[in-house]
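Chemist: Submitted below is the structure of interest, expressed as structure tokens.
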Amino acid sequence: MSGYEPISEPLILTRGADYVHRYNRNPTDPPFPTDTTAEIVITDGPEVGDDVIATWPALEVTADYIEFWVQSGQADLIDEGLTYQLYVHYPPVPPATDTVDFGWYEGQIERTPR
């Protein structure tokens, strides 16, 4: 994974609406292993150490996709212009004992008019 850059795209929220999104793996990539987890971390800036505003765990992780469902009450607390990162946490492969934490997506929060 050396030299890998996360995919950069906005995360678009609509006031009063749940955030529901499925991130599909590329068919040429290997399936997500059993016990993989994921989360979206929203911060007040793009730098390491910036304040964490919210963390949204994935609703479901399968071999082929990672799905999020965040209720509107939580999503409405997030302001436009904040930064997000989607982290995928791969389980350890023995003899290793640590997870592999992979930054898959990143970008800014945008709001749609409603």
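The values are calculated or read from the model by the stated rules, or taken from the named source; none is laboratory data. If you're wondering where the values come from, they're calculated on a predicted model, not measured in any experiment. Counting neighbours? That spans all protein chains shown, and the Cβs are built from the backbone with ideal geometry, glycine included. All accessible areas refer to the heavy atoms of the entire protein, side chains included, with ligands and DNA or RNA removed. Shrake-Rupley method; radii C 1.70, N 1.55, O 1.52, S 1.80 Å.
Chemist: Touching a Ser or Thr at 6+ places or on another chain (Cβ under 8 Å), at pLDDT 95 or above and surrounded by 11 or more Cβ atoms within 10 Å (Cβ to Cβ): does that describe Phe68?
Modeler: Details: touching a Ser or Thr at 6+ places or on another chain (Cβ under 8 Å): no; at pLDDT 95 or above: yes; surrounded by 11 or more Cβ atoms within 10 Å (Cβ to Cβ): yes.
No; evaluated as a whole, the condition is false for this residue.
Chemist: Could you pull out the residue among Arg22, Arg114 that is among the basic types (Lys, Arg), touching a strand residue (DSSP E or B) at 6+ places or on another chain (Cβ under 8 Å) and modelled with pLDDT of 95 or more? Even if it seems obvious, please write down each step before you answer.
Modeler: Numbers: Arg114 fails: modelled with pLDDT of 95 or more.
Step by step, each of Arg22, Arg114 is checked, and only Arg22 is among the basic types (Lys, Arg), touching a strand residue (DSSP E or B) at 6+ places or on another chain (Cβ under 8 Å) and modelled with pLDDT of 95 or more.
Chemist: Now for a different question. When you go through Tyr19, Tyr4 one by one, which is the residue that is open to solvent by 60 Å² or more (accessible area, probe 1.4 Å) and of a type in the set (Phe, Trp, Tyr)? Step through it out loud before you land on a result.
Modeler: Values: Tyr19 fails: open to solvent by 60 Å² or more (accessible area, probe 1.4 Å).
Exactly one of Tyr19, Tyr4 is open to solvent by 60 Å² or more (accessible area, probe 1.4 Å) and of a type in the set (Phe, Trp, Tyr), namely Tyr4.
Chemist: For segment 22-33, state whether one or more residues are surrounded by 12 or more Cβ atoms within 10 Å (Cβ to Cβ) and in contact with a Leu (Cβ under 8 Å, 6 or more places away or on another chain).
Modeler: Yes, segment 22-33 contains a residue that is surrounded by 12 or more Cβ atoms within 10 Å (Cβ to Cβ) and in contact with a Leu (Cβ under 8 Å, 6 or more places away or on another chain).
Chemist: Continuing with this model, one more query. Can you tell me how many residues in segment 58-102 are within 21 Å of Pro30 (Cα to Cα) and small (Gly, Ala, Ser)?
Modeler: Looking only at that region, the number is 3.
Chemist: Something else about it: Kindly check whether there is at least one residue in segment 38-57 that is touching a Lys or Arg at 6+ places or on another chain (Cβ under 6 Å), of a type in the set (Ser, Thr, Tyr) and farther than 14 Å from Val88 by Cα. Spell out the reasoning first.
Modeler: Narrowing segment 38-57 to residues touching a Lys or Arg at 6+ places or on another chain (Cβ under 6 Å): none.
Looking for residues that are touching a Lys or Arg at 6+ places or on another chain (Cβ under 6 Å), of a type in the set (Ser, Thr, Tyr) and farther than 14 Å from Val88 by Cα, one finds none in segment 38-57, hence no.
Chemist: Say whether the condition of being farther than 16 Å from Val20 by Cα and touching a strand residue (DSSP E or B) at 6+ places or on another chain (Cβ under 6 Å) is met by at least one residue in segment 60-80.
Modeler: Within segment 60-80, one or more residues are farther than 16 Å from Val20 by Cα and touching a strand residue (DSSP E or B) at 6+ places or on another chain (Cβ under 6 Å).
Chemist: What single numbered condition from (1) of a type outside the set (D, E, K, R); (2) in contact (Cβ under 8 Å) with a residue 24 or more places away in the chain; (3) touching a Ser or Thr at 6+ places or on another chain (Cβ under 9 Å) fails to hold for Val52?
Modeler: Every listed condition holds for Val52 apart from (2).
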